[in-house]
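First up is the structure itself, then whatever we jot down about it.
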Amino acid sequence: MYAKSLMRAFERAAEIILEADGRATALTGAGISVASGISAFRGSQGLWDKYDPLEFAEISSFKRQPEKVWEMLGEMLAVVEKAHPNKAHKSLAELEKKGLLQSLITQNVDGLHQAAGSRKVIEFHGATRHLCCLDCDWRWVNFKISESKSLPPRCEECGAILKPDVVFFGEPIPKWALLEASAAAEKAKVMLVIGTSANVHPAAEMPILTKRSGGRVIEINLEPTDLSGPVADLTILGPADQVLPEIIAACKRLNSNE
Ligand SMILES: [Zn+2]
C-alpha cells in the first residue's frame, strides 16, 4: 500500500494524462530499463565503470580500433538481446493502445519499447539491433549477436567492420529523429519524463519545448533532477515499473467514475 500523498500523485498524473486527450508524449532514459537488467551506463556498475567511454564510446576511437570497441559492444549487445521489457515499458505500450499516448521519444538503444508493443517510438540515439557500414552505408537490420558466427560483424558489401546504428559520442543525433522528437514535444499537452535526468542535450530540450508550448510535464524518477521544481508540474519519486502501472490503474478508476 502506498502513502496517501503518493496515491494522490498517481491520481493527479492520471487526471493530467486524461485531460490531454491523447496529446501526450513520453521521454524515456536508462532508468526505465534498469528493471529489465540493463544497468545505466553512468553511475556505479554502469558499463562506463568498466569501460572508459573515452576509449570505447567515441566515434573517433571506433574508427581507429573497431575490434577493440567490439569487445565492449559484444558484451553490451548480449545483455540487451537477453533483456525483456518490464512493467514500465508495458504500461507505456498500454497507454498508446488506449489512445492516450501519441508518441514516445527514447534515449535508450535497447529496443525494449518496441518489444513491449509500443509502435510510435522515436529512437533518439539509434538502436543496437541494427548495424551500419561507415564506408558504404550498407545496413544489417535486426542483427542478433547470439546467432552471429564471427565477431566483429563485417559489411557484406565491402568487408568493413560494422558499427551498431547508435549515436556514439562525437556523432550528431540523426536529423529526422531530432525533427520528429521536437515536433512531438511541441504538440504534446503533457510529456511524461521517465527514468532520465534529462540533462544530456538535445534530449534535455524536449520537456522545455513542451512546457514552452503550454503543455505540462510529469516526471517519474528515483531522485529529484534539474527538472523537478522549475520545469515539472508533477514529480513522482519512485521506480517507473511500479509508478506507471499505478497511474494506469488510476486512469481506469477515473474513467469508471465518469
Ligand atoms: Zn560496407
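The values are calculated or read from the model by the stated rules, or taken from the named source; none is laboratory data. Being a predicted model, the structure only gives us computed values, none of them experimental. So basically every Cβ, Gly included, is an ideal-geometry build from the backbone, and we count neighbours across all protein chains shown. Each accessible area value is taken on the protein alone, full model and side chains, heavy atoms only, with ligands, DNA and RNA left out. Shrake-Rupley method; radii C 1.70, N 1.55, O 1.52, S 1.80 Å.
Going down the list Lys90/Lys175; Lys189/Lys211; Lys68/Lys163, which pairs span over 18 Å between their C-alpha atoms?
Exceeds cut-off: Lys90/Lys175.
When the chain is treated as a GNM, springs tying every alpha-carbon pair under 10 Å, which of Thr235, Thr210, Thr225 comes out with the largest mean-square fluctuation?
Thr225
Distance from the Cα centre of region 52-114 to that of region 147-163, in angstrom?
Centre-to-centre (Cα) distance: 20 Å.
Keeping all protein chains in position, work out how much accessible area Val80 exposes to a 1.4 Å probe, and write it in Å² to the nearest 10.
Ignoring ligands and nucleic acids, Val80 comes out at about 20 Å².
Subtracting the Cα-Cα distance from 0.36 nm times the residue separation, let me have the gained length for Ser146 to Lys120 in nm, one decimal.
6.7 nm
Hey, with R₀ at 51 Å, roughly what FRET efficiency would Ala3 and Lys68 work out to, going by the Cβ-Cβ distance, to 0.05?
0.55
Find the relative contact order for the chain and round it to a whole percent, using C-alpha pairs within less than 8 Å whose residues are 6+ positions apart.
24
Give me the distance in nm between label points sitting 7 Å out from Cα along the Cα-to-Cβ direction at Asp52 and Asp137, one decimal.
Between Asp52 and Asp137, the simple spin-label model gives 3.6 nm.
Accessible area per residue of the chain at 1.4 Å probe, in Å²?
50
Among Gly214, Ala177, Thr196, pick out the residue whose Cα is farthest towards the positive end of the charge dipole of region 163-234, where Lys and Arg carry +1 and Asp and Glu carry -1 on C-beta, about the Cα centre.
Of the listed residues, the answer is Gly214.
So which chymotrypsin sites (Phe, Trp or Tyr not before Pro) in region 95-159 pass both tests, a DSSP loop state and at most 16 other Cβ atoms within 10 Å of the Cβ?
Answer in residue order: Trp138.
Please build a GNM for the chain, connecting alpha carbons under 10 Å apart, and tell me which residue among Ser228, Ser36, Ser148 fluctuates the most.
Top of the fluctuation ranking is Ser148.
Kindly sort His201, His89 by accessible area of their heavy atoms, largest first, with the probe set to 1.4 Å.
Heavy-atom accessible area, descending, gives His201, His89.
When only C-alpha pairs under 8 Å and at least 6 residues apart count, what is the relative contact order of region 141-258, in percent?
Relative contact order here is 16 percent.
Quick one: putting +1 on the C-beta of Lys and Arg, -1 on the C-beta of Asp and Glu, what dipole do you get for the chain around its Cα centre, in Debye to the nearest 20? Walk me through the intermediate numbers first.
On the way: 30 positive and 33 negative charges, 128 e Å.
Charge dipole, the chain, about its Cα centre: 620 debye, nearest 20.
Taking a probe of 1.4 angstrom, what is the accessible area of Met206 in Å², to the nearest 10?
Met206 has an accessible surface of roughly 0 Å² with all protein chains in place.
Specify the angular offset, from 0 to 90 degrees and rounded to the nearest 10, of the alpha carbon long axis of helix 4-19 from the longest principal axis of the alpha carbons in the chain.
Tilt relative to the chain: about 80 degrees.
Given the Cα-Cα distance of Ser256 and Ala160 and 0.36 nm per residue of separation, how much length would full extension add, in nm?
Length gained, Ser256 through Ala160: 28.8 nm.
Starting from the Kirkwood Rh over alpha-carbon pairs, what translational D in µm² s⁻¹ does the chain have by Stokes-Einstein at 37 °C and 0.692 mPa s?
Translational diffusion coefficient: 172 µm²/s.
So if I take the centroid of the Cα atoms in region 10-41 and the same for region 175-204, what is the distance between those two points in Å?
If you average the Cα positions of each part, the centres end up 12 Å apart.
Set Lys and Arg Cβ to +1 and Asp and Glu Cβ to -1, take the dipole of region 1-121 about its Cα centre, and tell me which of Leu54, Ala93, Leu6 lies farthest positive.
So the residue we want is Leu6.
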